[in-house]
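The values are calculated or read from the model by the stated rules, or taken from the named source; none is laboratory data. Here the structure is a predicted model, which means the values were calculated and not measured. For neighbour counting, all protein chains shown are included, and Cβ atoms are generated from backbone atoms with ideal geometry for every residue, glycine included.
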């Protein structure tokens, strides 16, 4: 594998048993994921899955008029393309890179073959899918019942959990598209956080300065998602 990248930087790939690694790792291809790259569009037949290492991918639901809203984020804890092993082959969402980095790409057929061995990887992927569904459900509730300020806090925390640093590269316009809200609302919410000394925002760079306070300002939704993910995936060492 090139450079300093390692499949085990992705938690699902790290959790595979030695036998599963022998079957899967040789087929992994390290690919760059630049900011804004679309991995698949709504309705596309999926050919590959992606295991992010240092990148974040947003799953968006796009309406016919072009409006969109984020339904979940995926980073080094998971994979993009659950429809492949769930039997659907296609999905109504769009997958777009939110934070640039890399991922390991795997031909979907290899994943399906391993999944249908009914071994440890199958249970791991099903647990991950349940965690992802929890995030989607909580995002829907949050978007309906909580303020833009709280939604922004949740979004920042979920993103931070998937990065090794406390800095994100993201314009307010892109954040507004992710949250499905007006850009003015994001500008106002980010301004409040900056005045409180929680974040520093400049030229598309968001630096989180006070994570504990960010968690205090957030609604319950982040904690619900984090707790369920930890419950389902903390025992990932299935060797």
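Can you confirm whether residue 36 is in contact (Cβ under 8 Å) with a residue 24 or more places away in the chain, at positive phi and over 15 Å from the mean Cα position of the chain (by Cα)?
Details: in contact (Cβ under 8 Å) with a residue 24 or more places away in the chain: yes; at positive phi: yes; over 15 Å from the mean Cα position of the chain (by Cα): no.
No, not satisfied.
The one condition from (1) surrounded by 16 or more Cβ atoms within 10 Å (Cβ to Cβ); (2) farther than 11 Å from residue 153 by Cα that residue 208 does not meet is (2). Quick check, is residue 36 part of a loop (DSSP other than H, G, I, E, B), in the same structural domain as residue 107 (by TED's automatic domain parsing) and under 26 Å from residue 182 (Cβ atoms)? So residue 36 fits the description; yes. Just one of the numbered conditions (1) part of a loop (DSSP other than H, G, I, E, B); (2) surrounded by fewer than 14 Cβ atoms within 10 Å (Cβ to Cβ) is not true of residue 133: (1). For segment 158-191, a residue qualifies if it is in a loop (DSSP other than H, G, I, E, B) and free of Cβ contacts under 8 Å to residues at least 24 places away in the same chain, and the qualifying residues are 165, 182. Residue 124 - would you say it is part of a helix (DSSP H, G or I) and modelled with pLDDT of 90 or more? When the stated conditions are applied, residue 124 passes them.
Across segment 12-33, the qualifying residues are those that are part of a helix (DSSP H, G or I) and in contact with a helix residue (DSSP H, G or I) (Cβ under 7 Å, 6 or more places away or on another chain), and the one among them that is farthest from residue 109 (Cα to Cα) is 14. Given the criteria buried (at least 22 other Cβ atoms within 10 Å of the Cβ), at pLDDT 95 or above and over 22 Å from residue 225 (Cα atoms), does residue 84 qualify? Considered against the rule, which asks whether it is buried (at least 22 other Cβ atoms within 10 Å of the Cβ), at pLDDT 95 or above and over 22 Å from residue 225 (Cα atoms), residue 84 comes out as no. Scanning segment 146-162 for residues being buried (at least 17 other Cβ atoms within 10 Å of the Cβ) and farther than 17 Å from residue 192 by Cβ gives a total of 4. For the structure I just gave you, tell me whether residue 194 is in a helix (DSSP H, G or I), more than 23 Å from residue 82 (Cβ to Cβ) and outside the structural domain of residue 112 (by TED's automatic domain parsing). Yes: the conditions hold for residue 194.
Condition test on residue 111, is it in the same structural domain as residue 63 (by TED's automatic domain parsing), touching a residue at least 12 places away in the same chain (Cβ under 8 Å) and not in a helix (DSSP H, G or I)?
Details: in the same structural domain as residue 63 (by TED's automatic domain parsing): yes; touching a residue at least 12 places away in the same chain (Cβ under 8 Å): yes; not in a helix (DSSP H, G or I): no.
Here the answer is no, as residue 111 does not meet what is asked.
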